[in-house]
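Single-structure report; data block below.
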Amino acid sequence: MSEQTADPTLALLTVEEAARRLSIGRTTCFGLISSGELESVPVGRLRRVPADAITAFVSRLRTAHRSGEAIA
C-alpha cells in the first residue's frame, strides 16, 4: 500500500505506517516504542501500533510543549 493510498480506518498500524503518520523515520519510531513513549502491541511475531496511540502520543507532545516540558 503506498503512502497516498494508506487506509485511515486501520486499527493497528505497522511501525513503518506509524512512522509515516508521525513524519519520522522508522528507527526513531522503534526508539519511541522501546522507550514506552509510543504504545505498541505484539501480534504473533509482529509489532503493531494502535492508531489511537499515535493520537495519544501527539496529544502528550502538545501538552508538554504548552507546559514547557521536554518529551523525547
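The values are calculated or read from the model by the stated rules, or taken from the named source; none is laboratory data. All of these numbers come straight from a predicted model, not from anything done at the bench. Because the Cβ atoms are built from the backbone with ideal geometry, glycine has one as well, and the counts that use them run over all protein chains shown. In case anyone asks, the SASA skips ligands and DNA or RNA and just uses the protein heavy atoms, side chains included. Shrake-Rupley method; radii C 1.70, N 1.55, O 1.52, S 1.80 Å.
Dipole magnitude for the chain: computed about the Cα centre from +1 point charges on Lys and Arg Cβ and -1 point charges on Asp and Glu Cβ, it is near 100 debye. Relative to the longest principal axis of the C-alpha atoms of the chain, give the angle of the C-alpha long axis of helix 51-67, reported between 0 and 90° and rounded to the nearest 10°. For 51-67 against the chain, the angle is about 10 degrees. In this structure, SER23 and LEU46 have a Cβ-Cβ separation that, at R0 = 25 Å, corresponds to a calculated FRET efficiency of about 0.65.
Taking the protein heavy atoms of the chain in the context of the full set of protein chains, the accessible area attributed to carbon and sulfur is 53 percent at 1.4 Å.
Estimated from helical segments only, the mean residue ellipticity of the chain at 222 nm is -15000 deg cm²/dmol, where each DSSP H run of four or more residues counts as -39500 (n - 2.57).
Compute the long axis of helix 26-35 from its Cα atoms, compare it with the longest principal axis of the Cα atoms of the chain, and write down the angle in degrees, 0 to 90, nearest 10. Roughly 60 degrees, rounded to the nearest 10. With the simple model of a label 7 Å out from the Cα in the direction of the Cβ, THR14 to PHE30 spans 1.4 nm. Using a probe of 1.4 angstrom and keeping all protein chains present, the accessible surface of the range 6-46 works out to 63 square angstrom per residue. Normalised by 2.2 N^0.38 Å, where N is the number of residues, the C-alpha radius of gyration of the range 1-66 stands at 1.08.
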